[in-house]
Amino acid sequence: MAENPAYPVGLRLTGRRVVVVGGGQVAQRRLPALIAAGADIHLVSPEATPSVEAMADAGEITWHRRRYEDGDLAEAWYALIATSDTEANTAASAEAERHRVWCVRSDNADAATAWTPATGRSEGVTVAVLTTDAQGRDPRHTAAIRDAVVEGLRDGSLVAPHHRKRTPGVALVGGGPGDPDLITVRGRRLLAEADVVIADRLGPRDLLAELPPHVEVIDAAKIPYGRYMAQEAINHALIEHAKAGKSVVRLKGGDPFVFGRGMEEAQALVEAGIPYTVVPGISSSISVPGAAGIPVTHRGVAHEFTVVSGHVAPDDERSLVDWAALAKLRGTLVVLMGVDKIGKIADTLVAHGKPADTPVALVQEGTTAAQRRVDATLATVAETVRTHEVKPPAVIVIGEVVKVSDGSAPGGAE
């Protein structure tokens with residue numbers, strides 16, 4: 001006859017006495033969760049691992065430095081028996097049975113009255129996985145199931161709709177440099193929970209195809225401007241959808257606050273009384289050069305890097321960049337949004353003292369399957385952009401670090 005399955009339950013151990021017999025590796029793994037549960041933990045063991053001893057030194061547990069003795073489980077609500085002494089484990093287990101204390105045994109699960117599930121947590125949810133029968137217990141299998149469920153909840157691939165009313169608001173989410181796998185775990189989860197997604201052209205577009213059918217996806221470039229300027233129209237759309245009680249995600253490429261105008265949107269939301277959260281993203285200024293095999297800093301080569309916007313030319317009165325000062329720096333210069341202005345940028349840097357043979361790399365569509373890298377110098381970069389037909393989006397790296405690369409990264413130097 002098959003054994004009945006274990007009955008799953010969550011123990012509320014705050015302030016309640018828990019006895020752990022044995023201070024080895026099993027205790028080291030299990031104690032943190034018991035501490036987090038607020039239990040009054042008593043460890044009975046003549047020795048302990050350094051990590052367990054540190055818990056005792058910090059006052060997180062009470063350590064009785066001796067072997068198990070009959071009576072140690074009196075008044076306990078829960079017991080974990082995990083010594084290498086089978087005789088002591090059996091005696092402690094018998095005491096637990098007499099006192100009706102739920103007891104886990106690390107050496108003999110069949111003799112235990114409780115089993116420890118494989119557990120994981122994500123955003124206020126605890127996932128616990130138990131094997132259904134004694135004969136088929138497979139800790140690796142249960143741990144693998146636990147990991148799959150928790151990872152799915154974290155990255156949004158396992159969608160669990162909220163049935164309680166959510167607080168409307170806006171999440172300003174950085175989508176990373178382009179590869180959909182490079183969005184943060186939190187960003188992906190918020191996408192999966194959104195009612196409305198307002199997306200930039202440079203955001204990770206592949207993620208939009210994974211959204212549930214009810215999610216309204218709005219292309220920020222196609223929002224009707226009417227009486228608004230482009231950014232004002234986006235701000236207005238964020239506010240109106242949030243006021244309608246919807247959960248809104250503003251999906252941007254890179255990081256919201258690195259040339260992403262994220263603060264303008266945040267300020268508009270504050271003025272409208274709309275709650276918002278910021279989810280940082282991996283900036284293309286660092287990740288795209290890295291994906292192309294270029295470190296923005298390197299020992300003995302560059303001790304600093306500077307990121308600037310190249311969307312206006314150096315001679316444009318709107319430019320806020322001190323190009324003369326940048327020309328004097330010895331480190332790496334990373335230019336974003338500068339493909340069509342790179343000729344004037346290069347000329348300006350050279351005019352202010354930057355050597356004309358300074359290496360330059362242009363990385364187009366970085367981190368995506370279409371990534372390509374084209375190398376040049378300040379003297380040749382304008383012509384190189386034309387002859388190689390380099391198009392935005394592309395990250396431009398100027399400095400000696402360009403020569404550090406071995407060219408083996410995807411989209412290696414042309």
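Where a number appears in this text, it was derived from the coordinates with a stated rule and is not lab data. In this text, all values refer to a predicted model and were calculated from it rather than measured experimentally. Note that we place each Cβ from the backbone using ideal geometry, even for glycine, and neighbour counts take in every protein chain shown.
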Cα convex hull volume per residue for the chain, in Å³, equals 219
One would report the antiparallel percent of DSSP beta bridges in the range 285-403, rounded to the nearest 5, as 75
On the formula 1/(1 + (r/R0)^6), with r taken between the Cβ atoms of ALA233 and HIS141 and R0 of 35 Å, the FRET efficiency rounded to 0.05 is 0.10
Length gained, ALA111-ASP219, 0.36 nm per residue minus C-alpha separation, equals 32.8 nm
Pairs over 31 Å Cα to Cα, from LYS252/LYS354; LYS252/LYS344; LYS246/LYS341; LYS328/LYS403; LYS222/LYS391; LYS222/LYS341, come to LYS252/LYS354; LYS246/LYS341
Simple spin-label estimate for LYS246/ASP85, 7 Å along Cα→Cβ, in nm, reads 6.6
Applied in sequence order to the range 249-257, the curve 6.51 cos²θ - 1.76 cosθ + 1.60 (Karplus, θ = phi - 60°) yields integer Hz couplings, x standing for Gly and Pro, of 10, 9, 8, 10, x, x, 10, x, 9
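In the calculated pair distance distribution of the range 285-403, what percentage of Cα-Cα distances lie above 26 Å?
When all Cα pairs of the range 285-403 are counted, 10 percent exceed 26 Å.
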For the chain, the charge dipole (Cβ of Lys, Arg +1; Cβ of Asp, Glu -1; about the Cα centre) points to a positive end, and the Cα of ALA356, HIS236, ILE81 closest to that extreme belongs to HIS236
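What does DSSP give for the chain in terms of the percent of beta bridges that are antiparallel, rounded to the nearest 5?
35
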HN-Hα couplings for the range 195-209 via Karplus (6.51, -1.76, 1.60; θ = phi - 60°), in whole Hz with x for Gly/Pro, come out as 8, 9, 10, 9, 10, 7, 4, 8, x, x, 4, 4, 5, 5, 5
Computed over the range 169-279, the distribution of all Cα-Cα distances in 5 Å bins, rounded to whole %, is 2, 13, 26, 27, 20, 9, 2, 0
Of SER283, SER122, SER106, the most mobile residue in a GNM of the chain (C-alpha springs, cutoff 10 Å) is SER106
The range 356-372 and the range 254-301 have their Cα centres apart by a whole-number Å value of 19
Computed about the Cα centre, the charge dipole of the chain from +1 Lys/Arg and -1 Asp/Glu charges at the Cβ has a magnitude in debye, to the nearest 20, of 660
Sorted by chain and number, the residues with a modelled amide H under 5 Å from that of LEU43, at a separation of 5 or more or across chains, are VAL20, THR62, TRP63, HIS64
The simple spin-label model distance between MET263 and ALA209, using points 7 Å out along Cα→Cβ, in nm, is 3.7
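Which length gain, in nm to one decimal place, applies between ALA37 and HIS303 when the Cα-Cα distance is subtracted from 0.36 nm times their residue separation?
My answer for the length gained is 91.2 nm.
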Expressed in Å to one decimal, the Kirkwood Rh of the range 1-106 from all distinct alpha-carbon pairs is 14.0
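At a Förster distance of 51 Å, what's the computed FRET efficiency of THR387 paired with THR277, Cβ-Cβ distance as r, to 0.05?
0.65
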Scalar couplings 3J(HN,Hα) for the range 9-16 by Karplus 6.51 cos²θ - 1.76 cosθ + 1.60 (θ = phi - 60°), nearest whole Hz, x for Gly and Pro, are 7, x, 8, 9, 9, 4, x, 9
In nanometres, the difference between 0.36 nm per residue of separation and the alpha-carbon distance of HIS99 and HIS352 is 82.7 nm
Listed by chain and number, the residues whose amide H is under 5 Å from that of TYR78, excluding neighbours fewer than 5 places away on the same chain and using placed H, are VAL19
